[in-house]
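Here is the structure we will look at, set down as structure tokens.
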Amino acid sequence: MDKKQLILDLHRIGAVKFGQFILKSGMSSPIYIDLRVTVSYPEVLEKIALTMMEKMKDLKCDIIAGIPYTALPIATVISIKTKTPMIYARKETKEYGTKKQIEGVFKKGDKCLIVDDLITTGESKFETAKPFQKIGLIIKDFIVLVDREQGGKEQLQTKGYNLYSIITISELLDVLKKEGKITQEQFLKTKKFIEENKI
């Protein structure tokens with residue numbers, strides 16, 4: 001897998017942005033990873049899925065769960081290519097029809113791998129796991145494309161979960177700086193932010 005090329009692809013399609021952005025956590029960040037745009041770039045989406053598949057080949061799972069909305073397309077490609085059934089949790093439970101929160105077919109005791117786009121802290125991942133565990137699925141492993149290296153992996157480990165990531169924010173910054181895609185100032189500002197905002 002050519003990690004450097006994947007990083008350059010993400011930058012080229014605008015999935016990596018520099019400026020000032022408010023994150024879900026409320027933090028103001030000089031970098032924003034917006035993987036929603038990958039749905040419009042099938043070749044990049046496929047590359048992400050193939051890279052994740054390479055990483056998960058030694059993991060045992062009966063089912064994969066894609067996290068709405070950003071990771072759903074990635075998980076769908078992985079599901080199709082590996083022939084692994086997929087499920088997902090709705091952001092809001094339907095008030096009509098089946099009123100289900102979890103969509104897809106599964107059985108209690110299935111080992112479920114959670115596929116997400118990135119991790120900042122572990123908090124949102126704990127929330128993500130809850131509805132699946134509530135219905136009797138076994139969650140041990142999470143796989144993400146980008147680890148922002150702000151303490152998420154360590155937080156997950158404290159609760160007995162494993163995190164597998166494809167790219168760390170450090171690797172991403174190093175490649176973009178080396179290839180002249182970002183300035184020294186952007187590089188240092190982002191590095192400083194990551195360092196100062198670890199959980």
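The values are calculated or read from the model by the stated rules, or taken from the named source; none is laboratory data. Since this is a predicted model, take the numbers as computed values, not measurements. Methodologically, a virtual Cβ is constructed for each residue, glycine included, from the backbone with ideal geometry; neighbour enumeration extends over all protein chains shown.
Miscellaneous remarks
- Of all residues in segment 174-191 being free of Cβ contacts under 8 Å to residues at least 40 places away in the same chain and either among the β-branched types (Val, Ile, Thr) or touching a Phe, Trp or Tyr at 6+ places or on another chain (Cβ under 8 Å) (or both), the one that is nearest to residue 22 (Cα to Cα): 183
- Residue satisfying all of: in segment 1-45; charged (D, E, K, R) and outside any helix (DSSP H, G or I); surrounded by the most Cβ atoms within 10 Å (Cβ to Cβ) among these: 34
- Filtering segment 157-198 to residues that are crowded, with 17+ Cβ neighbours inside 10 Å, at pLDDT 95 or above and more than 20 Å from residue 7 (Cβ to Cβ) leaves only 161.
- Qualifying residue in segment 53-75 (condition: farther than 26 Å from residue 136 by Cα and touching a strand residue (DSSP E or B) at 6+ places or on another chain (Cβ under 8 Å)): no
- Summed over segment 168-192, the residues that are among the hydrophobic types (A, V, I, L, M, F, W, C) and closer than 25 Å to residue 143 by Cβ give a count of 5.
- Flag if residue 194 is in contact with an Asp or Glu (Cβ under 7 Å, 6 or more places away or on another chain), of a type outside the set (Gly, Ala, Ser) and closer than 21 Å to residue 23 by Cβ: yes
- Residues (modelled with pLDDT under 95 and in contact with a Gly (Cβ under 8 Å, 6 or more places away or on another chain)) located in segment 116-152: 119, 120, 121, 122, 125, 151, 152
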